[in-house]
Amino acid sequence: MNPDWNSFFSTLSQSAAAIVGIFGAFIITKIFSNQTVFYEKKAKLSDLLVQAQKIKDNAKDYDVTWYNDHYNKPEYKKFHHYLDKHFTGCESIEDVTEDVLNEFIINNDFSELSDRSEIEFELLFITKCIFEENKLIREKREADEKAAKERAKTISPLSNYFESFDVTGLADAVSYLNQMDMYGNQGGRTFYLTCGDIGTLSPGTLTIFKDNFCKVYREAKHHSRLSADFLTSVRNNPESPRQIGLALILVLMIFFLGIIYPLSFIPAIGKPVLGFSLPIIYANVFSFKGFLLCVVGLAFSFTVALFFHTHIRMKYPKSEVAEVEKLTDVTYYCSTFKFFDEAD
């Protein structure tokens, strides 16, 4: 019984063609679907970056330093009173320890948008200025006392008595007492503040500022969540999985080995002989049958290559993904937002 090789090659080609058609259609449909999702996400990526820049610009409109200076000014005044009450006449800044500063900061209402180190720096500056003022007062008092003693040695008690009623001497005494009264009263002290004279505000101005700034923070927080969710959806390029690329290569192999190569033996006369010598390849390629098979093979290869190229191109730019990753941190929009995160 002689086998019918023509029937075998024909059946093999048809079966392989069915496999290529089914899998090829599925893969191409999947690539088109992924392409749609890819371009939607790419547009969303650009929109996220644009919206992030808008939020950053809005945050820049708020001068947080100005807000902190005005908000903290009453607390710094309280610290002046605190030093006068608990460190009267003190001249050594080492007496105001870190525990003293921490206790004062905790027990008073400083702006939550102020950095702790900035508050401590301001308090230490006030402490240094007041203690230096205390030192100057003491030195002035000691100098005046020494001068008075020197004068007492050079004049008689009677002349000293009458000199005390001298108009000039009386004026000096009143001036000195007033000076002592000024230094003894917090209201007369120089108000030391590194931000200088910041003036006064109408009631509610700071509240309005804080409320509007909080709105910008909430926008930034929401945008950071959207960015984190988007980053999860684009990580590792889900629209360009390796499996689809391997499947396209496998379909191309099935096409050539299961369709083109078997068709090259039809019509088969007797048992086919496998061979890859140059004369056999030349005879098959440069025949009319070989020409048709080459045209079909090249057309299919070009189509597969086109879809393969489309598939591997669906990858998000690393630079833009890195920018989106920065958006997940709320401090990217404004460094001051870190204080809201700490409060949350």
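Tabulated data for the structure shown
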read-out	value
Flag for LEU45 being closer than 23 Å to GLU239 by Cα, touching a residue at least 60 places away in the same chain (Cβ under 8 Å) and crowded, with 17+ Cβ neighbours inside 10 Å	yes
So ILE137, is it assigned to a helix (DSSP H, G or I) and modelled with pLDDT of 95 or more	no
Matching residues, region 324-342, being more than 9 Å from the chain's Cα centre (by Cα) and either at pLDDT 95 or above or over 19 Å from THR65 (Cα atoms) (or both)	VAL324
Members of region 6-42 found to be over 15 Å from HIS309 (Cα atoms), under 39 Å from the mean Cα position of the chain (by Cα) and surrounded by 12 or more Cβ atoms within 10 Å (Cβ to Cβ), listed by number	VAL37, TYR39, LYS41, LYS42
Members of region 123-137 that are under 24 Å from THR65 (Cα atoms) and among the basic types (Lys, Arg)	LYS128
Cβ-Cβ under 6 Å pairs, at least 6 apart or on other chains, region 112-127 side within 24 Å of LYS85 (Cβ to Cβ), far side assigned to a loop (DSSP other than H, G, I, E, B)	ILE119/PHE110; GLU122/THR194; PHE125/THR194; ILE126/TYR192; THR127/VAL96
SER240, sole failed condition from (1) modelled with pLDDT under 90; (2) in a loop (DSSP other than H, G, I, E, B); (3) small (Gly, Ala, Ser); (4) surrounded by 11 or more Cβ atoms within 10 Å (Cβ to Cβ)	(1)
Hey, PHE125 modelled with pLDDT of 90 or more, surrounded by 14 or more Cβ atoms within 10 Å (Cβ to Cβ), aromatic (Phe, Trp, Tyr) and part of a loop (DSSP other than H, G, I, E, B) or not	no
Members of region 75-106 that are surrounded by fewer than 16 Cβ atoms within 10 Å (Cβ to Cβ) and free of Cβ contacts under 8 Å to residues at least 24 places away in the same chain	LYS85, HIS86, THR88, GLU94, ASP95, THR97, GLU98, ASP99, ASN102, GLU103, ILE106
Single residue of region 107-122 satisfying the filter (surrounded by 17 or more Cβ atoms within 10 Å (Cβ to Cβ) and of a type in the set (A, V, I, L, M, F, W, C)) that is nearest to THR65 (Cα to Cα)	LEU113
Within region 50-74, tally of residues that are surrounded by 15 or more Cβ atoms within 10 Å (Cβ to Cβ) and hydrophobic (A, V, I, L, M, F, W, C)	4
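The values are calculated or read from the model by the stated rules, or taken from the named source; none is laboratory data. Fair warning: this is a prediction, and the values are worked out from it, not measured in the lab. Every residue, glycine as well, gets a Cβ built from its backbone with ideal geometry; the counts of neighbours run over all protein chains shown.
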